[in-house]
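Undergrad: A single structure is presented below for examination.
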């Protein structure tokens, strides 16, 4: 029953759980049910580096306008973890709700007068209805999902349909899930006034959309690009890239006649070996990649220098997490930028791509292979935990069947035969790329690949001129790559005339920064927007930066790495570059950007910022 | 590493192999190693083995890491691609290349520093994967390019030139290989070409990774009195366990199988390795017995050499993962990319 205060399809709620208890599937069920109702939705999993027993949270933001950045203003918190009651209760917005397990009494001191407490005896209900101890724990999750469905007016039939799809073949499990869902749903219906003022209502915004995480999309990109060799070492948050790639290969890469595999996936002994395998395969002519996170990139530095100097294609996916060192493996950051841009000793520079969401993970993964082969060099796809491991609503991925892989300058046997002699590092094209030959093709194309000093003939050298000749060409090659990098996304501000400032960002900060610009516009502050999508930076990015008095570079690291890279690699004067930094490890929210911006321009307006969702982040701790 | 190229000029009347190539066709650039270096003898044995087996030079891929030994791919098979990679990481690069193109003949040349110190992990895992390749360790117990520090294969009590004595126990690639499942384990001596050539031939035809440890004295830094990796010390202490001969498919065997001290093991391609003068109780196909025997010999201060262990029944990396028989580099893109229709259908899984 809608009333004057009702808020349809514009709210956020958070589920506080204990990890390892099966809550993830219940939370995923809620997210997917809202998606199926055609409503724009985003989910963020804030989980610990642990297998069982530590606090874990899942946040869902429902927003009819398609705002997908993290919201920090929770209308409802489902508090299923007694360990974190205190901090969870603090986070409910004034006038909001807290759903908790009333099988045990709640400490009176925790109560808040401005929050409505809704108690459902989930544990008790499950003990009464289920026999097995494990089942009682698992079904508690489905039961709270049932209550949330009633409270938020999510269509029960949609949730039931999802259960049917998941457990259709396991009858007993399906029945238990249905029963648990109904338990929570009915209890809420009977005891509370359902739905609450904020609620879901069917829309039609998701017809052409899918719900996918970035790691799966990246793996799909590698599959479609025709990658045949993959090597990896398990590491959070990159593991699911290779697990997805394996699943996809099993499904799409078995020869229909022979049943044999048109792929080789090697779990290496460490990241050093993983990138070594990729380089060996690239040298032999295969499209090959590895996926890793910051600690792996650190280990791969030596080999990256070899691939750069010996000019061997290699694709790396860096799903960034919080550093330095082990850091916080299950938290997100963009702090590997400088490491990746210049990885390895000596003068080295690499090509980087910055996807903002899973759809770009797919697109850029394909592009990585084309760039790596065209420029005969490593390409690093810089994803992060937020993009890689969270489910995002993005347009359906599509494929153009006219795509032909860009294999770069690889000489065919006929071309080799026509040469009087083959010299590996001679005969460069307009992009400073020299043709290569593959092993096994022709004795005339044979040469020795080396990471030691070499001249344009491919021979060993210690002579200054010969050495510089080659490394200067490599620098030219890196500069030339700028024209092949996806151009920045630029959006003019809503104000009239030339905007004096811009917000510039990269990767997964996209949604929060664009929303922040909108919120600022509503307050009469208009700025332009640019999202950089790769390195080396192109002319377009440089022109944009030079056209604004001040560019605020929004990024998720302490040391303003993107700003530094811009200062180092473009003509933009440092005075035109300022930083807005957020590096605590959680996905960015628009409120944080607004608050950061207002303090940067000397107009801190905390009250207003709070209204925009800029509450200080109290979710620290929870280490693994 | 500078190199001086050497033209292929076979004197008229030189012997040719089945491909019509002379030994010269398997040579490379002039060696820049020290005169008398054991590594050059190993290169010569390898050239001989490749020639005798009539292998097309451009179907070879020469892989190495860093060190004196790792320079040697320049000195043989100039018609083959080579990859002089980074220190201790040759096994990973070779694994990747082999994953991409299973049809090439991979020859990894490494040393005791490259394989037993910095690259111990990579070597061990290449052995576990059973990558089809010849893996030669040119073992001299010392770091040459950095002027004579002990390596991990130095024996306890072995002395450096200035008298410093090694006190740490050595890593023995033969025992290491046997303990982690190597399917072909040999030890030889660079000064014993007669023994080495047939071992290399068998190794080049092995189904998986063939580990060949070759004691290869460093004339500059480790050939003095007090060294246990010198020519003299090795000659005095070497004991050939059995004579191994490589018999190509469809060649007659002179001595009858079953004769005393004779045993044969069939290779996967139909060739045979014929062991003669096998000591009583020794069986090159029985890992535990080989281990026992070698331990007994080494306890007596001997250096047992020969093709010590061979098992042709273990599938290699590709066989284990059921990889396509067509090398992955040759699988057409159309067979790799599922296309727009498949993606459209797959998208329903993400609804």
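Undergrad: Would you be able to say whether some residue in segment A:124-143 is in the same structural domain as residue A:192 (by TED's automatic domain parsing), in contact (Cβ under 8 Å) with a residue 12 or more places away in the chain and not in a helix (DSSP H, G or I)?
TA: yes
Undergrad: Within segment A:175-197, is there a residue that is assigned to a helix (DSSP H, G or I), within 14 Å of another protein chain (Cβ to nearest Cβ) and buried (at least 20 other Cβ atoms within 10 Å of the Cβ)? Don't jump to the end; show me each part of the working.
TA: First, the residues of segment A:175-197 that are assigned to a helix (DSSP H, G or I): A:175-191.
Filter again for within 14 Å of another protein chain (Cβ to nearest Cβ), leaving none.
No, the conditions are met nowhere in segment A:175-197.
Undergrad: I'd like to check something: does segment A:285-295 contain any residue that is surrounded by fewer than 23 Cβ atoms within 10 Å (Cβ to Cβ), in contact with a helix residue (DSSP H, G or I) (Cβ under 8 Å, 6 or more places away or on another chain) and either modelled with pLDDT under 95 or more than 7 Å from chain B (Cβ to nearest Cβ) (or both)?
TA: For segment A:285-295, residues surrounded by fewer than 23 Cβ atoms within 10 Å (Cβ to Cβ), in contact with a helix residue (DSSP H, G or I) (Cβ under 8 Å, 6 or more places away or on another chain) and either modelled with pLDDT under 95 or more than 7 Å from chain B (Cβ to nearest Cβ) (or both): present.
Undergrad: Of these, B:342, B:299, B:277, which one is in contact (Cβ under 8 Å) with a residue 24 or more places away in the chain and over 18 Å from residue A:259 (Cα atoms)?
TA: Result: B:277 is the single residue among B:342, B:299, B:277 that is in contact (Cβ under 8 Å) with a residue 24 or more places away in the chain and over 18 Å from residue A:259 (Cα atoms).
Undergrad: Please determine whether any residue of segment A:54-61 is closer than 20 Å to residue A:389 by Cβ and not in a strand (DSSP E or B).
TA: Yes.
Undergrad: Exactly one of (1) more than 24 Å from residue B:312 (Cβ to Cβ); (2) surrounded by 15 or more Cβ atoms within 10 Å (Cβ to Cβ) is unmet by residue B:209. Its number?
TA: For residue B:209, the exception is condition (1).
Undergrad: Mind listing whichever residues of segment B:301-351 are away from every other protein chain (no Cβ under 11 Å) and in a loop (DSSP other than H, G, I, E, B)?
TA: Matches in segment B:301-351: B:301, B:302, B:311, B:312, B:313, B:314, B:315, B:316.
Undergrad: Please work out which one of (1) crowded, with 21+ Cβ neighbours inside 10 Å; (2) within 14 Å of another protein chain (Cβ to nearest Cβ); (3) under 29 Å from residue A:204 (Cβ atoms) is the condition residue A:355 fails and give its number.
TA: (2)
Undergrad: Are any residues in segment A:499-527 in a strand (DSSP E or B) and surrounded by fewer than 22 Cβ atoms within 10 Å (Cβ to Cβ), and if so, which ones?
TA: Once the filter is applied, which keeps residues that are in a strand (DSSP E or B) and surrounded by fewer than 22 Cβ atoms within 10 Å (Cβ to Cβ), segment A:499-527 yields only A:501.
Undergrad: Output the residues belonging to segment A:273-284 that are within 24 Å of the chain's Cα centre (by Cα) and within 7 Å of another protein chain (Cβ to nearest Cβ).
TA: If the condition is that a residue be within 24 Å of the chain's Cα centre (by Cα) and within 7 Å of another protein chain (Cβ to nearest Cβ), then A:278 is the only one that fits.
Undergrad: Of the residues B:284, B:304, which is surrounded by 16 or more Cβ atoms within 10 Å (Cβ to Cβ) and touching a residue at least 60 places away in the same chain (Cβ under 8 Å)?
TA: Checking each option against the conditions leaves just B:304.
Undergrad: A further question on this structure: Which is touching a strand residue (DSSP E or B) at 6+ places or on another chain (Cβ under 6 Å) and either over 15 Å from residue B:74 (Cβ atoms) or at the interface with chain B (Cβ under 10 Å from one of its Cβ atoms) (or both), of A:481, A:475?
TA: A:481
Every residue, every condition in (1) under 30 Å from residue A:446 (Cα atoms); (2) out of contact with any helix residue (DSSP H, G or I) (no Cβ under 8 Å at 6 or more places or on another chain); (3) facing another protein chain (nearest Cβ under 8 Å), yes or no:
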position: A:199; (1), (2), (3): no, no, no
position: A:240; (1), (2), (3): no, no, no
position: A:260; (1), (2), (3): no, yes, yes
position: A:263; (1), (2), (3): yes, no, yes
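Undergrad: Hey, could you check segment A:445-472 for residues that are outside any loop (DSSP other than H, G, I, E, B), surrounded by fewer than 18 Cβ atoms within 10 Å (Cβ to Cβ) and free of Cβ contacts under 8 Å to residues at least 60 places away in the same chain and say which is farthest from the other protein chains (Cβ to nearest Cβ)?
TA: A:472
Let's see how each residue does on (1) within 14 Å of chain B (Cβ to nearest Cβ); (2) closer than 28 Å to residue B:345 by Cβ; (3) within 14 Å of the chain's Cα centre (by Cα):
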| residue | (1), (2), (3) |
| --- | --- |
| A:348 | yes, no, no |
| A:377 | no, no, no |
| A:392 | yes, yes, yes |
| A:396 | yes, yes, no |
| A:400 | yes, yes, no |
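Undergrad: Follow-up. Is there any pair with a first residue in segment A:25-39 that is within 13 Å of chain B (Cβ to nearest Cβ) and a second that is surrounded by fewer than 24 Cβ atoms within 10 Å (Cβ to Cβ) and part of a helix (DSSP H, G or I) whose Cβ atoms are under 7 Å apart and which are 6 or more apart or on different chains, and what are they?
TA: A:32/A:162; A:33/A:158; A:33/A:162; A:36/A:158; A:37/A:158
Undergrad: Kindly evaluate residue A:27 against the criterion of being under 27 Å from the mean Cα position of the chain (by Cα), surrounded by 20 or more Cβ atoms within 10 Å (Cβ to Cβ), assigned to a strand (DSSP E or B) and not assigned by TED's automatic domain parsing to the domain that holds residue A:508.
TA: no
Undergrad: Looking only at strands (runs of 3 or more DSSP E) that lie completely in segment B:25-139, which have at least 2 residues being without any contact (Cβ under 8 Å) to a residue 60 or more places away in the chain and either at the interface with chain A (Cβ under 8 Å from one of its Cβ atoms) or touching a strand residue (DSSP E or B) at 6+ places or on another chain (Cβ under 9 Å) (or both)? Can you show your working first?
TA: Working: elements: B:60-64, B:81-84, B:105-111, B:133-139.
Hits in segment B:25-139: B:60-64, B:81-84, B:105-111.
Undergrad: Can you go through A:114, A:101, A:88 and tell me which one is farther than 20 Å from residue A:388 by Cα and touching a residue at least 60 places away in the same chain (Cβ under 8 Å)? Working first, answer last.
TA: Numbers: A:114 fails: touching a residue at least 60 places away in the same chain (Cβ under 8 Å); A:101 fails: touching a residue at least 60 places away in the same chain (Cβ under 8 Å).
The conditions single out A:88.
Matching residues to (1) surrounded by 24 or more Cβ atoms within 10 Å (Cβ to Cβ); (2) in a loop (DSSP other than H, G, I, E, B):
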residue	(1), (2)
A:201	no, yes
A:204	no, yes
A:222	yes, no
A:227	yes, yes
A:230	yes, no
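Undergrad: Report, by residue number, each residue of segment A:218-229 that is in contact with a strand residue (DSSP E or B) (Cβ under 8 Å, 6 or more places away or on another chain) and more than 9 Å from chain B (Cβ to nearest Cβ). Show your work before the answer.
TA: Residues of segment A:218-229 in contact with a strand residue (DSSP E or B) (Cβ under 8 Å, 6 or more places away or on another chain): A:218, A:222, A:227-229.
Passing the criteria: A:218, A:222.
Undergrad: Let me ask another. Residues A:366, A:379: which one is part of a strand (DSSP E or B) and in the same structural domain as residue A:243 (by TED's automatic domain parsing)?
TA: On the way: A:366 fails: part of a strand (DSSP E or B).
Among A:366, A:379, only A:379 is part of a strand (DSSP E or B) and in the same structural domain as residue A:243 (by TED's automatic domain parsing).
Undergrad: Inspect all residues belonging to segment A:379-395 and state whether any of them is buried (at least 19 other Cβ atoms within 10 Å of the Cβ) and farther than 30 Å from residue A:585 by Cβ.
TA: Scanning segment A:379-395 turns up no residue that is buried (at least 19 other Cβ atoms within 10 Å of the Cβ) and farther than 30 Å from residue A:585 by Cβ.
The values are calculated or read from the model by the stated rules, or taken from the named source; none is laboratory data. Everything numeric in this text was worked out from a predicted model, so none of it was measured. Backbone-built Cβ (ideal geometry, glycine too); neighbour counts: all protein chains shown.
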